[in-house]
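Okay, so here's the structure we're looking at.
The values are calculated or read from the model by the stated rules, or taken from the named source; none is laboratory data. Here the structure is a predicted model, which is why all the values come from computation and not from measurement. Counting neighbours? That spans all protein chains shown, and the Cβs are built from the backbone with ideal geometry, glycine included. Surface accessibility is based on the protein's heavy atoms, side chains included, excluding ligands, DNA and RNA. Shrake-Rupley method; radii C 1.70, N 1.55, O 1.52, S 1.80 Å.
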Amino acid sequence: MSDDHAVHPAESDSLHFLYETLRQQHMATPPNELVARLAQKGFRDGEIAQVLHRPETEMTHLRTGETTDQLTRTRLTGFIAACEAIEKLTAIADVPTWFRTPIDPARQYTPLHLAAKHVGLELDYAAGACDANHTLARMKTWWIEPTSS
């Protein structure tokens, strides 16, 4: 991780607090509006589907406003809240590109994989509370193999 977008590690708590506040606020927003906001930010359907643990084909249902299960809603509100918190409290200018950038150039793991598997770890990484090696070490406790996005 480069220092150009890191904030002081102590600010990780602020990032988590803002994340939780935003997540709660978004719980009342219809899923199709949240998907549209993520698309406006530059996320592709396949990336959103990966975070939601849903097939990309289901994105059509979310876009049309069909109801969704609570777990999908929770993942969706969490992902957009993470994106917005990172935008507001870090110097990361292009959040979708940051989510696609490998944590370690020698590996294919990205913050998008973190968002799909371990909510909160991407916030710590964005805040600079953990570097690439520490992030990857924390991932090893639950990670098997990344899926392509």
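Laid out as a table, the results:
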item: Residues located in region 117-131, provided they are outside any helix (DSSP H, G or I) and within 20 Å of Thr74 (Cβ to Cβ); result: His118, Val119, Gly120
item: Some residue of region 47-58 being open to solvent by less than 50 Å² (accessible area, probe 1.4 Å), without any contact (Cβ under 8 Å) to a residue 24 or more places away in the chain and within 19 Å of His118 (Cβ to Cβ); result: yes
item: Residue that is farthest from Ser14 (Cα to Cα), among those in region 118-136 that are at pLDDT below 80 and open to solvent by 50 Å² or more (accessible area, probe 1.4 Å); result: His118
item: Residue that is more than 29 Å from Cys130 (Cβ to Cβ) and of a type outside the set (D, E, K, R), where the choices are His61, His53, His113, His26; result: His61
item: Lone qualifier among Glu56, Glu145 - being modelled with pLDDT under 80, over 20 Å from Tyr19 (Cα atoms) and over 14 Å from the mean Cα position of the chain (by Cα); result: Glu145
item: Hey, Thr97 more than 17 Å from Lys41 (Cα to Cα) and of a type in the set (Ser, Thr, Tyr) or not; result: no
